[in-house]
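Reading through the structure tokens given below for one structure.
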Amino acid sequence: MEKLVIEGGLPLKGTVEISGSKNSALPILAATLLTEDECVIRNVPRLRDTLTMIKLLKSLGKTVDFTDNVLKVSQKGKLNHVADYSLVSTMRGSFCVLGPLVAKLKKAKVSLPGGCVIGVRPVDLHLKGLKALGTKMDIDGGYIHARAAQLKGRHVYLGGVFGSSVLATANVMMAAVLAQGETVIDSAACEPEIEDLTDFLIGMGAKIKGKGGPRLVITGVKKLKGIKHSVIPDRIEAGTYIILAAATRSNLSIKGADLTHLAALTDKLEEAGVKVFEENKILKVKTKKTIKPVSVTTYPYPGFPTDLQAQFMAMMALCQGVSVITDKVYPDRFIHIAELNRMGANIRREGVNAIVQGVKTLRGAPVMASDLRASAALVIAGVAAKGKTEIHRIYHLERGYENLDAKLSAIGAKVWREKE
Ligand code: EPZ
């Protein structure tokens with residue numbers, strides 16, 4: 001096991017290159033189960049999570065070649081219908097193989113994903129949608145046993161108590177594309193990653209209307225074909241580096257990001273006095289000496305992303321003044337508060353709110369990574385803090401940030417790894 005060591009307090013400058021979107025690549029990889037043809041997918045980030053999904057696809061009978069961020073997925077024999085606990089339990093995103101397996105094989109045995117530190121993370125909306133299309137499902141031994149003689153298109157409402165669900169939308173879409181007749185999904189997730197999946201499925205020959213909106217109309221087809229596709233940039237990785245620039249009062253350039261996916265973040269940064277704009281397709285972050293405290297509430301897209309909440313809190317910890325942070329998607333996603341306070345932040349929880357009293361400086365300390373984005377918040381705090389920070393359990397970071405050490409070093413951060 002290794003720890004990430006950061007010597008903080010240094011000014012940052014230069015350019016960060018953004019990788020392909022993890023949360024787009026995962027459902028798109030699952031969608032390759034819908035065809036025996038070869039699919040070539042570019043701009044796939046080499047991450048713990050994408051490698052886990054590749055392992056899962058191989059265990060289901062796919063042949064996968066992954067070289068230089070290009071994935072070639074093909075199939076020789078028949079698919080296997082069992083998605084094993086050992087893989088699904090390590091990465092929740094793999095649950096979205098359920099829809100395509102039922103659509104393709106008419107049966108599937110998929111392990112229920114565990115919860116995680118950010119919340120219970122139920123799958124009731126996934127099951128509700130698949131059941132509506134005619135899937136029979138039992139839960140036994142921690143697995144979903146699903147079977148469907150013939151999936152039939154229906155009207156499905158996928159809104160939950162926390163609003164739309166990204167992966168439930170993906171799962172139901174990937175079942176509906178091969179169902180008989182028309183499926184209407186209301187309260188579909190509008191995230192750019194679902195838009196990217198829609199493009200991928202349409203490229204395979206699926207008939208889908210309403211791309212990117214809350215109502216998707218899908219007309220089932222008999223067969224889908226292979227496709228060549230390039231994954232969209234990772235807006236959460238881009239947002240993480242933009243917030244890093246703001247928290248360290250640095251001016252950074254961000255290459256390969258899509259500014260149109262970041263409106264909620266740039267709007268809040270504008271309020272804080274941080275300018276983010278595009279110049280010849282490169283994002284520029286311009287910060288000032290002081291940053292104003294800004295309150296944030298997260299919502300499903302196009303709202304402020306829950307996956308940037310922890311990072312934004314790390315930045316607010318260093319503002320002069322008080323800000324309130326509320327997560328409407330995962331109300332308990334505050335595990336990073338305790339770790340930030342170990343570095344001298346002054347944050348307290350009051351019910352569903354985190355009250356952030358800004359401080360002048362943070363001080364380096366040994367801290368524990370927990371979920372992927374909380375860990376990113378600790379990296380931001382460590383780079384901004386005076387002194388040395390040691391981040392333990394950095395495998396959490398490796399799930400979602402490609403070449404993190406190299407990207408940080410390239411903009412002047414002093415980071416290295418040591419044995420635990
Ligand atoms: C996706 O998870 C992302 N993961 C998460 O990113 C992200 O935090 C989340 O969407 C919200 O944006 C991937 O795309 C692989 P949801 P997902 O279903 O689809 C509740 C990261 O750091 N809900 O949109 O699993 C749920 O509890 C990860 O990259 C139900 O109630 O999230 C949550 O409160 C972390 N019933 C809300 O909906 C369900 O059946 C949104 O969850 C499903 C979800």
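Side notes on the structure shown:
- For the chain, the share of DSSP beta bridges that are antiparallel, to the nearest 5, is 75%.
- Each Cα pair under 8 Å and six or more residues apart adds its sequence gap; the mean of these over the residue count of the chain is a relative contact order of 21 percent.
- From phi via Karplus (6.51, -1.76, 1.60), per-residue ³J(HN,Hα) for the stretch 410-420 in Hz, x at Gly/Pro: 5, 10, x, 6, 9, 10, 8, 10, 9, 5, 4
- Assigned charges on the beta-carbon of Lys, Arg, Asp, Glu; the chain dipole about Cα centre (debye): 300
- Remark: relative contact order (the stretch 35-103) = 32 percent; criterion is Cα-Cα distance under 8 angstrom and separation of 6 or more residues.
- Kirkwood-Stokes translational diffusion coefficient of the stretch 344-420, alpha-carbon pairs, 4 °C, 1.567 mPa s, µm²/s: 95
- DSSP beta bridges confined to the stretch 332-417 are antiparallel in about 55 percent of cases.
- Taken about its Cα centre, the stretch 1-99 carries a charge dipole of roughly 120 debye when the Cβ of each Lys and Arg holds +1 and the Cβ of each Asp and Glu holds -1.
- Which listed pairs, of LYS136/LYS228; LYS136/LYS209; LYS289/LYS386; LYS255/LYS292, have C-alpha distances above 23 Å, in listed order: LYS136/LYS228; LYS136/LYS209; LYS255/LYS292
- Cα gyration tensor category, rounded, prolate or oblate, for the stretch 266-420 with a/c compared to 1.5: rounded
- Averaging Cα coordinates gives a centre for the stretch 176-225 and one for the stretch 308-379; these two points are 37 Å apart.
- Anisotropy class assigned to the stretch 169-237 is oblate, per the alpha carbon gyration tensor with a/c at or over the 1.5 cut-off and a/b no larger than b/c.
- Across the stretch 332-339, rounded Karplus estimates of 3J(HN,Hα) from the backbone phi angles (6.51 cos²θ - 1.76 cosθ + 1.60, θ = phi - 60°) give 9, 7, 10, 4, 6, 4, 4, 5 Hz, Gly and Pro being marked x.
- Sorted largest first, the spans of the alpha carbon positions of the chain along the three principal axes are 63, 46, 41 Å.
- In the chain, helices alone account for a calculated mean residue ellipticity at 222 nm of -8500 deg cm²/dmol, with every DSSP H run of four or more residues adding -39,500 (n - 2.57).
- Dipole in debye (nearest 20) - the stretch 240-316, about Cα centre, beta carbon charges: Lys, Arg +1; Asp, Glu -1: 400
- Projection of the Cα convex hull of the stretch 78-130, averaged over all directions and equal to a quarter of that hull's surface, yields 3.7 nm².
- Among THR15, LEU101, ILE41 the positive-end extreme of the charge dipole of the chain (Cβ point charges): LEU101
- Convex hull of Cα atoms in the stretch 224-274, direction-averaged projection (nm²): 4.6
- Across the stretch 161-227, C-alpha contacts under 8 Å between residues 6 or more apart give a mean separation that, scaled by the residue count, equals a relative contact order of 38 percent.
- For the peptides 353-364, 160-171, residues were scored by their other Cβ atoms within 10 Å and the scores averaged per peptide; the highest-first order is 160-171, 353-364.
- Here the peptides 204-213, 134-143 are ranked by packing, the mean other Cβ count within 10 Å, and the order with the highest first is 204-213, 134-143.
No lab work stands behind these numbers, since they all come straight from the coordinates. Please read all numbers here as calculations on a predicted model, not as lab measurements. With ideal geometry, Cβ positions are generated from the backbone for all residues, glycine too; neighbour counts draw on all protein chains shown.
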